[in-house]
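The values are calculated or read from the model by the stated rules, or taken from the named source; none is laboratory data. Model, not experiment: these values are computed from the prediction. Every residue, glycine as well, gets a Cβ built from its backbone with ideal geometry; the counts of neighbours run over all protein chains shown. Note: accessible area is taken over every heavy atom of the protein model, side chains too, but ligands, DNA and RNA are not part of it. Shrake-Rupley method; radii C 1.70, N 1.55, O 1.52, S 1.80 Å.
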Amino acid sequence: MIHQLVYYSRNTVQGGDRAMLTNLREIVSASQRNNSRDGVTGFLIFDKTWFVQILEGDKAQVVETYNRIARDTRHSTATILNVRDIEARFFPNWTMGGAMRTPEMEEIYLEHGIGSAMDPSRLKSAQVVALALDLQAFEQAKRQGQRLAG
Ligand SMILES: Cc1cc2nc3c(=O)[nH]c(=O)nc-3n(C[C@H](O)[C@H](O)[C@H](O)COP(=O)(O)O)c2cc1C
């Protein structure tokens, strides 16, 4: 069984897009290093105000990872939306995939009933997982396109 945890938190990173991206790069590189060691996979959705993250793996590793993340001062008031056991990973290929909300993704957000501003406290965890799966597919297609173009 795989343990899956969905939480959201408030993004407290100050500054503009550039500061956001620098921080994100640090978070993603630490995540890739630790999560590949711990067998944790998942997806991180974020905008200037919120983080929403899905973590999956062995229960002990997911709990340990979440507890470490929750102490991070780059966000605050981490709130668990749901935990459950699943048969198989939803994000097997991502030690931590991530997508910052950009205008090119608006259609995907709209398809999931998320309009101008995301309010994670009103999201159902199933909605978060479904959105993340579509964002993952979008990111994958974009990367493939870049590879072809390059
Ligand atoms: C929104 C957010 C998501 C994060 N996700 C992960 C994660 O999936 N895995 C992880 O190891 N660290 C994650 N981090 C970073 C941890 O809080 C922490 O900085 C890091 O694990 C420390 O790693 P180190 O001890 O190897 O430097 C995240 C931080 C934030 C703010």
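Mean residue ellipticity, 222 nm, helices only, the chain: the sum of -39500 (n - 2.57) across DSSP H runs of n ≥ 4, divided by residue count and rounded to 500, is -14500 deg cm²/dmol.
In a fully extended conformation the segment linking THR77 and VAL63 would gain 3.4 nm over its present Cα-Cα distance, using 0.36 nm per residue. What percent does the relative contact order of segment 2-149 come to when contacts are Cα pairs within less than 8 Å and at least six residues apart? It rounds to 33 percent for segment 2-149. Working from label points 7 Å from Cα in the Cα-to-Cβ sense, the ARG84 to THR49 distance is 2.7 nm. For the listed peptides 102-108, 6-12, 36-42, a ranking on the average number of other beta carbons within 10 Å per residue, highest first, reads 6-12, 36-42, 102-108. Using 0.36 nm per residue and subtracting the Cα-Cα separation, the extra length available between GLN140 and ARG18 on full extension is 41.6 nm. Can you list the trypsin sites (Lys or Arg not before Pro) in segment 43-104 that are in a DSSP coil and have 10 or fewer other beta carbons within 10 angstrom? Loop-located and lightly packed - ARG71.
So, with a 1.4 angstrom probe, what is the percent of accessible area on segment 2-149 that is carbon and sulfur?
50
Within the straight-line cut-off of under 14 Å between alpha carbons, the aspartates and glutamates reachable from LYS48 are ASP17, ASP119, sequence neighbours fewer than 8 places apart in one chain being disregarded. DSSP beta bridges fully contained in the chain are about 85 percent antiparallel. Averaging Cα coordinates gives a centre for segment 32-51 and one for segment 72-150; these two points are 10 Å apart. Computed over the chain, the P(r) tail beyond 21 angstrom holds 42 percent of alpha carbon pairs.
In the context of the full set of protein chains, residues of the chain present 55 Å² of accessible surface per residue (probe radius 1.4 Å, heavy atoms only). The gain in end-to-end length when the ALA117 to ARG37 segment is fully stretched comes to 25.3 nm, 0.36 nm per residue minus the alpha carbon separation.
Restricting the chymotrypsin sites (Phe, Trp or Tyr not before Pro) of segment 82-150 to loop positions (DSSP other than H, G, I, E, B) with no more than 13 neighbouring Cβ atoms within 10 Å leaves nothing.
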